[in-house]
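One structure is given below, encoded as structure tokens.
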Amino acid sequence: MADAEDLEAVKARLKTWEGTTLKDSLKALPERRKEFVTTSSRSVRRLYTPLDVAGKSYSERLGNPGEFPFTRGIHPTMYRGRLWTMRMFSGYGSAEDTNKRFKYLIEHGETGLSVAFDMPTLYGYDTDAKEAKGEFGTCGVAVSSVEDMEILFNAIDVARVSTSMTINSPASVVWAMYLAMAEKRDVPWTKLRGTIQNDILKEYEAQKEWIFPPEPSMRLVVDTFEFGAKEVPQWNPISISGYHIREAGATAGQELAFTLANGMEYVRWGIDRGLRVDDFAPRLSFFFNAHNDLFEEIAKYRAARRIWAREMRDTFGAKNPRSWLLRTHAQTAGVSLTAQQPEMNIVRTTIQALAAVLGGTQSLHTNSYDEAYQVPGEKAVRIALRTQQILAHESGVANTVDPLGGSYYLEALTDELEEEAYRYFDRIQELGGVIPAIRKGFFQQEIANSAYRYQMEIEDKERIIVGVNDFVVDEQPEVEPLKVSEASYRAQLERLKRMRRTRDSKKHERALDRLRRACDGDDNTMPLILDAVRARATLGEICDVMREVFGVWEEPLLY
Amino acid sequence: MPARRKRASSSRSSPGVSALVDSLLRGNKRAAAKLISLIEDDEPEAAEAMALIYPHTGHAHVVGFTGAPGVGKSSLINRLVRLFRARGKKVGVVAVDPTSPYSGGAVLGDRIRMADTGVDPGVFIRSMATRGHAGGLALATFDAVRVLDAMGMDIVLVETVGAGQSEVEIASRAHTTVVVEMPLTGDAVQTMKAGILEIGDVYVVNKVDLADADTLVANLRFQIEARDGWMPPIIRASALEDQRIDELADALETHRAFLASSGNWNKRELDRARQEILENARRLLAQQVRGPGTGGESFEALAQRVVARKLDPQSAAARLFQEAVGGTAQRQSRRAKSG
Amino acid sequence: MATKIRVLIAKPGLDGHDRGAKVIARALRDAGMEVIYTGLRQTPEDIVEAAIQEDVDAIGLSCLSGAHMALFPEVVKLLRKRKAGDIVVAGGGIIPEDDVPKLKKAGIKAVFGPGTPLSDVVEFFQKAGKAKGA
């Protein structure tokens, strides 16, 4: 970056350039479009120069990696010390089916587990519930009880591998099942590493896998913070997510702002509970999307780290530097993958994974090319995993920390995204805060508007999607189908029936009773949920008790 | 209130419409839906259908709901539906949403709130778009209400858009008008729409679990006056308390009983009949004058003359009226002659 | 007066990913249709009952969780049972290629996968509306 005198010279030179070299060039060859925009419809200028970073202090705005404000990365050595975790989101059919897929992925080099659950499980229903009809195992694994959890992790050493579970409304229950499973194997909870997504706010805003209304749901979340800090200290009880917000149609700026606003809301609730911020903040983790626009995405991660560090230290007064760190998982953008010419999705995923790596993610999932058709087939998921491995070992991008730091464009974008986020924070504040804004439908409307604008850009061919509205071929894609087996479904039903028949019904009833009372009162629900799980209560039974006490959420209508 | 008859009469109606109406009177939902569409689309058989249906109406209690968008009308209605069903009543709902002035289309989303009641055989829910009609209702709204009335609904709830002058329109057509408000969060001073304080029979302050409602309730209490012997109650409601919905349902039933016993039911029906006849007359006249020539001077020609100051607007109208009435009289006598 | 085409857009089953359904609802509205959007978590019974009461010309079903084979044909079956088989049904979402012919055989008139131009969807519903005499 240049000093003041140089800057004057740069400015002058630039002006000349515009009046001569550029002008002549434009006359001979006009630019292809009137405006160039990012995937988020953000305007991008022709050229970024030292003027764009003028007056901005390196130590203040960037800092060194591993130092406040962590813009360049949360560790001093980043991938030179340890590569990001290659953690492939997986799940379909029964626990046996998914256990097989876990082993396959571990064999092929994944370094962390990530569990996808089926719709009934996500919504707190057992496989044999009437709401679950037709939905068994189609988009994830069905887990209705601790027995399923045991099978899911059969022959997998949970003391050595970290497990991320994408579960939200019933997260405490599923976590309790994991803990009970570990307990049965004599693995102390202090050794367990992993994450439960448990981010209910983004459900109301984007993914819609809610059950209960906001207040009781937040209570359940803070219960996990409290419990985890004491009993499962290496576990991340939450993964504050922007991925789903982005998939629902938000721009990069909205994804950034809404995710961090949600994060700060969780911190507030933890503090209101009486927890000291440094007791739970170090274990808050994040989850961002990795979308198409390479530079915008990298800028987004950097802005996220900077904003979070500042807010945690200065607004919430956290003293422990570990509380200032934004640790994140990333997933490449599912919504960007096409049904047409699906092999091209391998290319898209590669670019997106590159963005996440250049952006400093701690953990990464890459989508498979058959994303627009089904959950990943075996070959497809292997290609996705190899994509990460090639990036890690062949591309050289992991050799140095924050390689694009200092790029005029990148730094300008990082700043722009940061400013946009703060504008959104103000707006949310005006609306009364995150939960009032949810009730008013603010996030949902912003997201729906962005989604509609994006689609209109595609319809008008303002935005080209290769294979979809240009470079189209009329061919039948070859996708190896993956079907959930009827046998798996029956086995699951049998298992449930048998468990209900053979469990100690008195113990079971008592446990649910005590849980009901705990939900009605103020006690931390986790120990009672654990007792219910140990008494062989099913997911559906426990959630039904909660539905009874907490009620069910009704969302505001917006489109 | 007239006794219910069970067959569509009239030997001169088209078989299709008669059959539909017969079906309707037996409580068939598909028939009701088809008839409402017929009327909404202003099909040629619509007038005939309404003529067949009308004698079977007058039984249902029509309750209109007005209030700003987002205030929670749909949810309240959903809970009322469930409650009335538990009390053994059959319930109809007509929910109106605005038509886009640009595209002519509409997204009708009030039904979302009523997902769990739609499949109940004793419930019928219809969404309507305003289709260009100013105010918060569709032209066909109250005809649709009549269809549901004839079908056997004991109570029909009408949800308006909540914007414009919908409250005035609904107050003139419903038996009971419910005004739904909600307390504002924050420090903003809450102003209320002009006229809202004069047309409600029942006031609901909704979402009281989210903000302090005392000021709003006090304001309403202070400003609302008794009308025709009825003092509008103010009911606090929230999604968390079912007990309040009981209060609301009770208030509605009390108002209905009051209307019956005080003679106000008939008074309002008479007012409405007068209004409707006049409105229909106006519409018929407008149709006539703009229609194909009745042999006299055309509407357009008259307009030209008015602009040219050869004729004043009042005289032009009188001339048209003569034409229309005279023409009609002529046609009627012609028909009578040919039997 | 040209009558309006009425379309029901619904998400059967548990899947909550409503970005597509909402975009389509809006597009159909912008094309002058009346869209009854029933939202999330609808059973086939809910959907058919609503379609009958609203007297729609067509239904659009959206499912991204893979449960379409269990849910979409059920809607057609129920419509026929209620003598409302003239209501046209289309589906969209994440649907593997080899399920498409099965869905068509079960009575789903069209399947709109990811990347379908909105204009195709709008055109389909316009045709469906006209066929029913709208």
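Bear in mind that the values in this text are calculations on the coordinates, not laboratory data. Just so it is clear, the model here is predicted, and its values are computed rather than measured. Cβ atoms come from the backbone with ideal geometry, glycine included; neighbour counts cover every protein chain shown.
Tabulated results
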{"item": "Space enclosed by the convex hull of the alpha-carbon atoms of segment C:6-133, per residue, Å³", "result": "89"}
{"item": "Sites B:ALA47 and B:ALA226 - FRET efficiency at Förster radius 45 Å, r taken between beta-carbons, to 0.05", "result": "0.65"}
{"item": "Whether segment B:58-263 is rounded, prolate or oblate, judged on the alpha carbon gyration tensor where a/c under 1.5 counts as rounded", "result": "rounded"}
{"item": "Lysines whose Cα lies under 23 Å from that of A:LYS300, excluding same-chain neighbours fewer than 8 positions away", "result": "A:LYS56, A:LYS202"}
{"item": "Cut-off under 5 Å, modelled amide H: who pairs with B:VAL107 long-range", "result": "C:VAL35"}
{"item": "Difference of contour (0.36 nm per residue) and Cα-Cα distance, A:GLU5 to A:VAL549", "result": "189.0 nm"}
{"item": "Relative contact order, percent, segment B:58-263 [alpha-carbon distance under 8 Å, six or more residues apart]", "result": "25"}
{"item": "Cα gyration tensor category, rounded, prolate or oblate, for segment A:499-550 with a/c compared to 1.5", "result": "prolate"}
{"item": "Projected label distance in nm at B:ALA211 and A:ARG13, using a 7 Å step from Cα toward the beta-carbon", "result": "5.7"}
{"item": "At least 15 Å along the helix axis (C-alpha) and Kyte average at least 1.0, DSSP helices within chain A", "result": "A:344-358"}
{"item": "Average projection area in nm² (convex hull over Cα atoms of segment A:65-148, one quarter of hull surface)", "result": "7.8"}
{"item": "Cross-link table A:LYS440/C:LYS22; B:LYS34/C:LYS102; C:LYS83/C:LYS127; B:LYS207/B:LYS267; B:LYS90/C:LYS127; A:LYS130/A:LYS379, entries beyond 26 Å C-alpha to C-alpha", "result": "B:LYS34/C:LYS102; B:LYS207/B:LYS267; B:LYS90/C:LYS127; A:LYS130/A:LYS379"}
{"item": "Inter-probe distance in nm under a simple model that places probes 7 Å from Cα toward Cβ, at A:ASN320 and B:ASP120", "result": "5.2"}
{"item": "Unit charges on C-beta of K, R, D, E only; dipole of chain A, Debye", "result": "1140"}
{"item": "Chain C - charge dipole about Cα centre, Lys and Arg +1 at Cβ, Asp and Glu -1, debye rounded to 20", "result": "280"}
{"item": "Hits among aspartates and glutamates - C-alpha to C-alpha of C:LYS132 under 13 Å, sequence gap 8 or more where chains match", "result": "C:ASP55, C:ASP57, C:ASP86"}
{"item": "Shielding of C:47-58 by partner chains, average beta-carbon count, 10 Å", "result": "6"}
{"item": "Part-to-part distance (alpha-carbon centres) for segment A:459-487 and segment A:25-54, which is given in Å", "result": "31"}
{"item": "Likely footprinting exposure, B:HIS133, A:HIS244, fewest C-beta neighbours within 10 Å first", "result": "B:HIS133, A:HIS244"}
{"item": "Length-normalised contact order for chain A - Cα pairs under 8 Å, 6+ apart - percent", "result": "18"}
{"item": "Burial order of peptide ranges A:273-285, A:495-507 (average beta-carbon count within 10 Å, highest first)", "result": "A:273-285, A:495-507"}
{"item": "Shielding score for C:37-44, defined as the mean number of other chain Cβ atoms within 10 Å", "result": "6"}
{"item": "For chain C, with +1 on Lys and Arg beta carbons and -1 on Asp and Glu, the positive-most of C:LEU71, C:GLY93, C:ALA128 along the dipole", "result": "C:ALA128"}
{"item": "A:GLU35-C:LYS105 pseudo-label distance in nm [points 7 Å out on the Cα-to-Cβ vector]", "result": "5.0"}
{"item": "Extension gain (nm, one decimal) between A:VAL473 and A:ASP24, 0.36 nm per residue minus Cα-Cα", "result": "157.8 nm"}
{"item": "Three-way shape label, the protein assembly as shown, alpha-carbon gyration tensor, a/c 1.5", "result": "prolate"}
{"item": "Model label zone, A:THR502; criterion: amide N under 14 Å from point 7 Å along Cα-to-beta-carbon; scope segment A:120-149", "result": "A:146-148"}
{"item": "Relative contact order for segment A:499-550, counting Cα pairs under 8 Å that sit 6 or more residues apart, in percent", "result": "44"}
{"item": "Inter-chain Cβ neighbour average for residues C:115-124, partner chain, 10 Å", "result": "3"}
{"item": "Most to least packed among B:125-131, A:218-224 [average Cβ atoms within 10 Å]", "result": "B:125-131, A:218-224"}
{"item": "Highest-first arrangement of B:89-97, B:299-307, where packing means the average Cβ count within 10 Å", "result": "B:89-97, B:299-307"}
{"item": "Distance from segment A:85-147 to segment A:351-384 (C-alpha centre basis), Å", "result": "18"}
{"item": "Residue exposure sequence - A:PHE68, A:PHE227 - by fewest surrounding Cβ within 10 Å", "result": "A:PHE68, A:PHE227"}
{"item": "Translational D in µm²/s for chain A (Stokes-Einstein at 25 °C, 0.890 mPa s, Kirkwood Rh from C-alpha pairs)", "result": "99"}
